[in-house]
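Chemist: The structure that follows is given in the form of structure tokens.
The values are calculated or read from the model by the stated rules, or taken from the named source; none is laboratory data. The structure presented is a predicted model; accordingly, all values stated were derived computationally and were not measured. Cβ atoms come from the backbone with ideal geometry, glycine included; neighbour counts cover every protein chain shown. Calculation scope for accessible area: heavy atoms of the full protein, side chains included, ligands and nucleic acids excluded. Shrake-Rupley method; radii C 1.70, N 1.55, O 1.52, S 1.80 Å.
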Amino acid sequence: MSEPIVRIRDLEVEFATEVGVTRALRSVSLDLARGRTTAIVGESGSGKSVTALAMLGLIDAPGRVTAGSIEFRSSAGAAYDVLRLDRRDPRLYQHRGGSVSMIFQEPMTALSPVHTIGNQVMEALLTHQAVDNETAQAEAIRLLERVGIAYAEARLSQYPFEFSGGMRQRVVIAMALINQPELIICDEPTTALDVTVQAEILTLLDELKAQYATSVMFITHDIGVVAQIADDVAVMYRGRVLETGTVREVLKDPLHPYTRGLLAALPGSATRGTRLQTIDDLVAPEELATDTPLRRLPSGRQVALPAEAPPIGQPGAST
Amino acid sequence: MSEPLLTVRALTKRYATSAGRWASRERSEFTAVDGVSFTLDAGRTLGIVGESGSGKTTLVRMILRAIDPSSGHAIYRTAAGEQLDLTTLTERELQPLRRELQMIFQDPFSSLNPRMTVQSILEEPLIVHGERDANARLSAVQAMLDLVALPRSSLTRFPHAFSGGQRQRISIARALILRPRLVVCDESVSALDVSVQAQVINLLGDLQQELGLTYLFVAHDLAVVRHICDEVLVLYRGRVVEQGPTETLFNSPQHDYTRLLLSAIPEPDPDRPLRPLDRATLNF
């Protein structure tokens, strides 16, 4: 197996709040395999989005990265720790939006309401590459057509309010792809969409990933979506990674009681007329307090490996 | 067999629209809900599903008369056994019925007033409906908190002190404190995390058993609908394309649009890949 595109080690993020310090990430270690889709699953507050923001060096006050490293390896061979890049380092500019791009949940807030679609898609390219306006426009049209927007040339001069929710998300995807990033981070990209539109967007993302050989990190709380799009899965809970594995391993043979709880809590045909099981029914609190994620041995046997560095003591931290 | 609790007949809502500059303005009408009919028996749950813009919310809001329908009828059997057409009543005539018809909203953050304590949120419906005895109100509020499994210490706290799931419990308590008979749940569990959603779904089920509630359950999540609804009505562009008992509808959908909706649900099983139907192949 080749080198992972991103290697996160012992990442700790804290947020200072009025009532004390909240540890948003606790000793998170995670590899994103190159050319694969890794789904990060978890509920609100589990640290999914904070992990994504940290990967772009976007943790701002009152948040603070207190420990750990995020090593990014480009296919060209460049390797750097995102957390150690200076704010003015040109590599940081190249990293954000160039090598790594992001697709957000809410396409209406991700797009500027006062700029045309064409303007916004071209801006991403003009910021990162030395191209003239005409080339940028041609490229924007090509990509908008690729993501399924008909009459793309005519629609360049339209504004986001003239697009439906699904069409807006297609525009956001075109913006994310225009610099041919090596990694796309999708933060709940289909949560705000109808289930039919969601199916179309998931199919599109899958095709694009194959076409451009991009690595994808896919943040979601929807296990159905995970099953459809992911190659690998990491389950997060309250700032910890509880378990990692391939999508088949995690969904068919979950190691952690929390993962089993998440699967059992899903309503469906089999649960009709019964009470749904809740996480509280299935998981003892102490089972959620471990700092060492469950990992699989090649044989598939369950084992808890110690983290590579001992967890950092946080005396005043809330739990 | 007694009369159904609610009988909806050809309920329709049209909105006037206009396009173009004022001189050459073209007036036309947009039909948001088009001739919807169904019956709902007491103690049952009817799911209303469809995509955004299909008219789900407009339909239930017309039944509660939050929106006035353009035509059609919604006959409701009151606790006293009268059959009343909700669409023809005046505001004054509706007022006492509002006790019996309640709604639980989608977003537990925007549906609770951030400046009111839980006690005043839960008391307000009682005050509106003329309960003057403060002690009686307090005991009703406390009983309601017990019912939705929130601690009594919640009374003096404000909504911001609660999690999403707890807030939705407060919304449920507020809807149920007047002991309604028909409860409209408009995407009431959509905004919740899976584990919290499971708790709230269980709670809604328990309360239905305990209080004999009838639910109109609006949702876009078909897995949730399949779990809790007895019958389902599928709306597409304001029209009912299919309705029937839940298992029949899910197991052998008759209409192309129902099949499209069902095929789009991502199954939590990596061996069952998503194969969305092509919308273009459907003819409506």
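Chemist: Taking only the C-alpha atoms, wrap a convex hull around the protein assembly as shown and report its volume per residue in Å³ as a whole number.
Modeler: Taking only Cα atoms, the protein assembly as shown has a hull volume of 187 Å³ per residue.
Chemist: Using only Cα positions of the range B:187-232, each an equal point scatterer, no hydration layer, compute I(q)/I(0) via Debye at q = 0.21 Å⁻¹ and quote the log10 values to two decimals.
Modeler: At q = 0.21 Å⁻¹ the computed log10 ratios are -0.70.
Chemist: Let me ask something else. In whole angstrom, how far apart do the alpha carbon centroids of the range B:27-104 and the range A:167-216 sit?
Modeler: 39 Å
Chemist: Within 10 Å of each Cβ of A:98-106, how many other protein chain Cβ atoms are there on average?
Modeler: If you average over the peptide's residues, the count of other-chain Cβ atoms is 0.
Chemist: Separate question: Give a quick list of chymotrypsin sites (Phe, Trp or Tyr not before Pro) in the range B:1-80 that DSSP marks as loop, anything other than H, G, I, E or B, with at most 13 other Cβ atoms within 10 Å.
Modeler: Answer by residue number: B:TRP22.
Chemist: Continuing with the same structure: Quick one: work out the % antiparallel among DSSP beta bridges in chain A, nearest 5.
Modeler: Percentage antiparallel, nearest 5: 60.
Chemist: Find the eigenvalues of the gyration tensor of the Cα atoms of the range A:57-166, then list the square roots of 5 times those eigenvalues as equivalent ellipsoid semi-axes, largest first, in whole angstrom.
Modeler: 31, 18, 12
Chemist: Further, regarding this structure: Just need the relative contact order of chain B here, percent rounded to a whole number, with Cα pairs under 8 Å and 6+ apart.
Modeler: 22 percent
Chemist: What does the charge add up to near A:THR22, with Lys and Arg as +1, Asp and Glu as -1, over the other residues with Cβ less than 14 Å from its Cβ? Mind showing how you got there, number by number?
Modeler: Numbers: positive: A:ARG23, A:ARG26, A:ARG64, A:ARG238, A:ARG240; negative: A:GLU12, A:GLU14, A:GLU18.
Result for the local shell: +2.
Chemist: Something else about it: State whether the range B:179-277 is rounded, prolate or oblate according to the following rule on the C-alpha gyration tensor (a ≥ b ≥ c being the square roots of its eigenvalues): a/c under 1.5 gives rounded; otherwise a/b larger than b/c gives prolate, and the remaining case gives oblate.
Modeler: Taking the square roots of the gyration eigenvalues as a ≥ b ≥ c, the range B:179-277 is oblate.
Chemist: Still on this structure, I have one more. Where does the charge balance sit around A:VAL114 when Lys and Arg score +1, Asp and Glu -1, over other residues with C-beta under 14 Å from its C-beta?
Modeler: Counting the neighbours of A:VAL114, the net charge comes to -2.
Chemist: Could you work out the equivalent-ellipsoid semi-axes for chain B, taking the square root of 5 times each eigenvalue of the Cα gyration tensor, largest first, in whole Å? Intermediate values should be presented prior to the final figure.
Modeler: On the way: eigenvalues 211, 124, 77 Å².
Listed largest to smallest, the semi-axes of chain B are 32, 25, 20 Å.
Chemist: Still on this structure: Among B:SER190, B:SER153, B:SER163, which one shows the highest mean-square fluctuation when chain B is modelled as a Gaussian network with alpha-carbon springs under 10 Å?
Modeler: B:SER153
Chemist: Just check the range A:32-76 against the gyration tensor rule for me: Cα atoms, a ≥ b ≥ c as the square roots of the eigenvalues, rounded for a/c under 1.5, and otherwise prolate or oblate depending on whether a/b exceeds b/c.
Modeler: Oblate shape, in that a/c is at least 1.5 and b/c is the bigger or equal ratio.
Chemist: What translational D, rounded to a whole number of µm²/s, comes out for the range A:6-66 from Stokes-Einstein when the hydrodynamic radius is the Kirkwood one over Cα pairs, at 10 °C and 1.306 mPa s?
Modeler: 129 µm²/s
Chemist: With a/c under 1.5 counting as rounded, go ahead and sort the range A:137-262 into rounded, prolate or oblate using the C-alpha gyration tensor (a ≥ b ≥ c being the square roots of the eigenvalues; past the cut-off, prolate if a/b is larger than b/c, else oblate).
Modeler: Values: a/c = 2.77, a/b = 2.14, b/c = 1.30.
Because a/c hits 1.5 or more and a/b exceeds b/c, the range A:137-262 counts as prolate.
Chemist: What does the net charge come to around B:ALA32 if you take all other residues with beta carbon closer than 14 Å to its beta carbon, with K and R at +1 and D and E at -1?
Modeler: After counting each charged neighbour, the total is +2.
Chemist: Can you give the average number of partner chain beta-carbon atoms within 10 Å of each beta-carbon in peptide B:215-227, as a whole number?
Modeler: So the per-residue partner count for this stretch is 3.
Chemist: Just checking the output field for A:217-229: average partner chain Cβ neighbours within 10 Å of each residue's Cβ? Could you put the intermediate results ahead of the total?
Modeler: Numbers: counts 0, 0, 0, 1, 5, 4, 5, 9, 3, 3, 9, 8, 4.
Rounded to a whole number, the mean comes out at 4.
Chemist: How large is Rg/Rh for the range A:139-183, to two decimals, with Cα atoms and a Kirkwood Rh?
Modeler: Across the range A:139-183, the Cα-based Rg/Rh ratio is 0.95.
Chemist: Tell me the label-point distance for the pair A:GLN94, B:ASP107, using the 7 Å Cα-to-Cβ offset, in nm and rounded to one decimal.
Modeler: A separation of 4.2 nm, rounded to one decimal place.
Chemist: Tell me: how much accessible area in total is hidden between A and B, 1.4 Å probe, Å², nearest 100?
Modeler: Chains A and B together bury roughly 3000 Å² of accessible area.
Chemist: A further question follows. Kindly provide the helix-only [θ] at 222 nm of chain A, computed as the sum of -39,500 (n - 2.57) over DSSP H runs of four or more divided by all residues, to the nearest 500 deg cm²/dmol?
Modeler: -9000 deg cm²/dmol
Chemist: For B:LYS13, list the lysines whose Cα falls under 16 Å from its own Cα; do not include residues on the same chain fewer than 8 positions away.
Modeler: Straight-line reach from B:LYS13, under 16 Å: B:LYS56.
Chemist: Here is a further query. Over 19 Å, how big is the tail of the calculated P(r) for the range B:6-140, in percent of all Cα pairs? Let's see the in-between values first.
Modeler: Details: 5745 of 9045 pairs.
When every Cα pair of the range B:6-140 is considered, 64 percent fall beyond 19 Å.
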